Amino acid sequence: MFLKVALFVGILYIFQGPAAGASGFRIGAPRLGYVWDAGTGKVVPIQGIPGASIAGPAFDPGLGDSARVWAASGYFVAVSGGKTFVATEPDAAPREIAAPFPPDQVFFSPRETAAVLWSEEGRFAQVVAGLPGNPAAARRIVVPDWAGRADLWAISDDGEVLLAWGTDAAVPLLSIDSGGRVQTLPVAGPVTAAAFRPGSRDALAAAGPESGIYLLRNAGAGEAPQLVAVLGDLAGAPSALAFDEAGGGWVAADAEGAIVTIAMSGEISAPLVCGCTLSGLRRLNAESAFLLNRPAGGELLRILDFSRGAARLLFVPASVTDENGRGDQ
């Protein structure tokens, strides 16, 4: 493993060289995605491929010390000075999204072509489509009072269908269609996670005291949710879900970092433990590879990868930096 990583670092050096510019980063090698390091206030590119990747030199997005950033795989969204921006490269000028408010949270679709900008104070969500090249504020959704504090969201890649639930266990699973119709989906609460299939309006939801996993076909179209698995005591209540596009099944992860895979037959794997502070299952620029955590407390980044069939956990070593913070690739 050490030889593989060392060889890859050498390849990066050939592509980028020691004089990679002020940002210390240029596109030359494959890039799996970005991650925001809140501790340093910088964006970290993950370069390479699963099993041979490295956290490249971090860069300042140039939006001020008070900027808040949500990183996606091919771009990042930032809020600064009351405005919302999207940027795709370290040296590219950020593009402003004409959103009517600065969000408190941003939720991306599976392929990150759409996003939900959530305002806690206003209790409404702004849908943004056309990401990242042509970002446009599409429509605003106001959460009705009867729905409670719905502050967690998932959105389909076409931006047409949304799911909402809450950190408050009393909030039901809501579906919102393109016309703004809000309906409650019949799953037994509490709802702990939901996610859309890439390029589809099918979705998953985790709910109930036994952590039932529900398949929502064409979510929002009124079809009854299908119970596909019950995790029981195999893992804690899922805080993140994803579709395994390579294997055709599903993935569930709890807040403690225990991860299980669920085959379409309903068979559930023994848990894998990431040994990290799980932040989610964020799809990367690779088939069925997911980022599990953020830079925090000296943790190495972890990736869940299905490129060889069975799930495997991989770590992402950090690049070496000098006393001035410049990367030595």
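Just a few scattered comments:
- Restricting the stretch 124-135 to residues that are outside any strand (DSSP E or B) and touching a strand residue (DSSP E or B) at 6+ places or on another chain (Cβ under 7 Å), the residue that is surrounded by the most Cβ atoms within 10 Å (Cβ to Cβ) is LEU131.
- When the residues of the stretch 151-183 are filtered to those that are small (Gly, Ala, Ser) and in contact with a Phe, Trp or Tyr (Cβ under 6 Å, 6 or more places away or on another chain), the one that is surrounded by the fewest Cβ atoms within 10 Å (Cβ to Cβ) is ALA154.
- Residue identified as among the basic types (Lys, Arg) and within 19 Å of GLU112 (Cβ to Cβ) among ARG201, ARG217: ARG201
- Among residues of the stretch 147-162 that are under 14 Å from LEU185 (Cβ atoms), those with a beta-carbon under 9 Å from a residue that is of a type in the set (A, V, I, L, M, F, W, C) and surrounded by fewer than 18 Cβ atoms within 10 Å (Cβ to Cβ) at least six positions away or on a different chain give the pairs VAL161/ALA221.
- Test: residue in the stretch 211-225 that is among the aliphatic types (A, V, I, L, M), closer than 18 Å to LEU185 by Cβ, over 20 Å from the mean Cα position of the chain (by Cα) and in a loop (DSSP other than H, G, I, E, B): yes
- Close contacts from the stretch 283-311, counting a first residue that is free of Cβ contacts under 8 Å to residues at least 40 places away in the same chain and a second that is hydroxyl-bearing (Ser, Thr, Tyr), with Cβ to Cβ under 6 Å and a gap of 6+ residues or different chains, come to ASN293/THR277; ASN293/SER279.
- Test: residue in the stretch 241-253 that is within 25 Å of GLU112 (Cα to Cα), in contact (Cβ under 8 Å) with a residue 60 or more places away in the chain and β-branched (Val, Ile, Thr): yes
- Sole residue being surrounded by fewer than 21 Cβ atoms within 10 Å (Cβ to Cβ), over 28 Å from PRO172 (Cβ atoms) and not aliphatic (A, V, I, L, M), chosen from GLY51, GLY56: GLY51
- Selection count, the stretch 190-210, where residues are buried (at least 16 other Cβ atoms within 10 Å of the Cβ) and assigned to a loop (DSSP other than H, G, I, E, B): 7
- Some residue of the stretch 144-152 being closer than 30 Å to ALA286 by Cβ and of a type in the set (A, V, I, L, M, F, W, C): yes
The numbers here are math on the coordinates, done by the rules we state, and not lab data. Given the structure is predicted, the values throughout are model-derived calculations rather than measurements. For neighbour counting, all protein chains shown are included, and Cβ atoms are generated from backbone atoms with ideal geometry for every residue, glycine included.
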